[in-house]
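*Asks:* The following block contains the structure, expressed as structure tokens.
The values are calculated or read from the model by the stated rules, or taken from the named source; none is laboratory data. Quantities reported herein were computed from a predicted structural model and do not represent experimental measurements. Note: ideal-geometry Cβ built from the backbone for every residue, glycine included; neighbour counts use all protein chains shown.
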Amino acid sequence: MNPSVAVVILNWNGKAYLKQFLPGILRSEYDNLQIVVGDNASTDDSVSFLRENFPTVKIIQNDQNYGFAGGYNKVLERVEADFFVLLNSDVEVTPNWIKPVIDLMEGDAYIAAAQPKIKWQLNKKQFEYAGAAGGYLDIYSFPFCRGRLFNVYEFDDGQYNDATEVFWASGAAFFVKSKCWIEAGGLDADLFAHMEEIDLCWRLKNLNYKIMYCPDAEVYHVGGGTLQTENPFKTYLNFRNNLIIMQKNLPIGDAIFRITIRMFIDFIAWWHFLLTGKPKFTMAVTKGHWHFLKSLLKTSKKRKAFQKDYVKHTGVYNNSIVWAFFIKKVKYFSELK
């Protein structure tokens, strides 16, 4: 018998995606599987639609919208399995997308989390923004992916067909051992949405676990299903949350130095938004920084006693990805030095 797996989809007003992608998820080729939809207090008829059309799917309802992080924490308290798979509602799966990842993780007790290859649902030959072939951070904690640097998306020509340890696994299709989820304390609900999976992976790495990319499993992500990319609230969350997870997870000396540099780089982005006629995004950066500063004391209480030297983690690019991409004109992961 294979280890038990719970695929858990967090839904908020996502009836259209459930209708489109849930049938394929139910056809997944894995013999010890439960499919769970956690509903974050949807105001559409998602729940009644599920009950009527997908009676084998377990439904767990939250009493309010707790965001991605808090919503999953609430739902997974009521799920029992050896492995949790946090799957976005806007993901199309292939039949054998589960077992290769589970086999990889079962082969090493130190692997806590992993992701499959993630490509774009609208062009299945191209890597997708939210994960691609595994997540990395640069020296100032800017996230990027094998297969995706900023707005340049590589086509999949087999260049990333090696199982590789990375820094973070995408929340779009996030595999995690349930015991590791519990040990690390799940997601940080204060983040609400965006970068919460990076924070969890960082905490797991500080506990000496590995995060892996599995090329033998493949899914296709629509992207921007709940918050569109061109959304000032998403910009706010990204700028605020990136600083928060740096404070939480970096050694204290590193945190002070790298956050100072990072806020200066963010200020350049602030000017870019202002000069390109995007005042709402300028305000989003300002609000993100202000709320980060307001939360300094609260965040400091979340820091763990043990922090590992950041640059010694696998999956850290020991230079600035912003400098490499915008100044040196590096467009592909393989060109990074």
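*Asks:* What's the total number of residues in region 269-322 that are closer than 30 Å to TYR110 by Cβ, part of a helix (DSSP H, G or I) and not polar (S, T, N, Q)?
*Replies:* Qualifying residue count, region 269-322: 4.
*Asks:* Further question: When region 49-76 is examined, which residues are found to be closer than 16 Å to PHE175 by Cα and either over 20 Å from the mean Cα position of the chain (by Cα) or of a type outside the set (Phe, Trp, Tyr) (or both)?
*Replies:* ALA69, ASN73, VAL75, LEU76
*Asks:* Can you find, within region 98-146, the residue that is surrounded by the most Cβ atoms within 10 Å (Cβ to Cβ) among those that are over 25 Å from VAL330 (Cα atoms) and without any contact (Cβ under 8 Å) to a residue 12 or more places away in the chain?
*Replies:* That would be ASP103.
*Asks:* If a residue must be among the charged types (D, E, K, R) and buried (at least 20 other Cβ atoms within 10 Å of the Cβ), how many such residues does region 162-193 contain?
*Replies:* Here the count works out to 2.
*Asks:* When you look at LEU243, is it within 30 Å of VAL7 (Cβ to Cβ), under 21 Å from the mean Cα position of the chain (by Cα), assigned to a helix (DSSP H, G or I) and at pLDDT 95 or above, yes or no?
*Replies:* no
*Asks:* Between a residue in region 260-278 that is of a type in the set (D, E, K, R) and any residue that is surrounded by 14 or more Cβ atoms within 10 Å (Cβ to Cβ) and at pLDDT 95 or above, which pairs come within a Cβ distance under 7 Å, given they are 6 or more apart or on different chains?
*Replies:* The qualifying pairs are ARG262/TYR140; ARG262/SER141; ARG262/LEU243; ARG262/MET246; ASP266/PHE239; ASP266/VAL285; ASP266/HIS289.
*Asks:* Continuing with the same structure: Would you please name the residue that is surrounded by the most Cβ atoms within 10 Å (Cβ to Cβ), looking only at residues in region 278-337 that are polar (S, T, N, Q) and touching a strand residue (DSSP E or B) at 6+ places or on another chain (Cβ under 9 Å)?
*Replies:* SER320
*Asks:* Could you run through region 128-186 and say how many residues are farther than 25 Å from ASP266 by Cα and of a type in the set (Lys, Arg)?
*Replies:* 2
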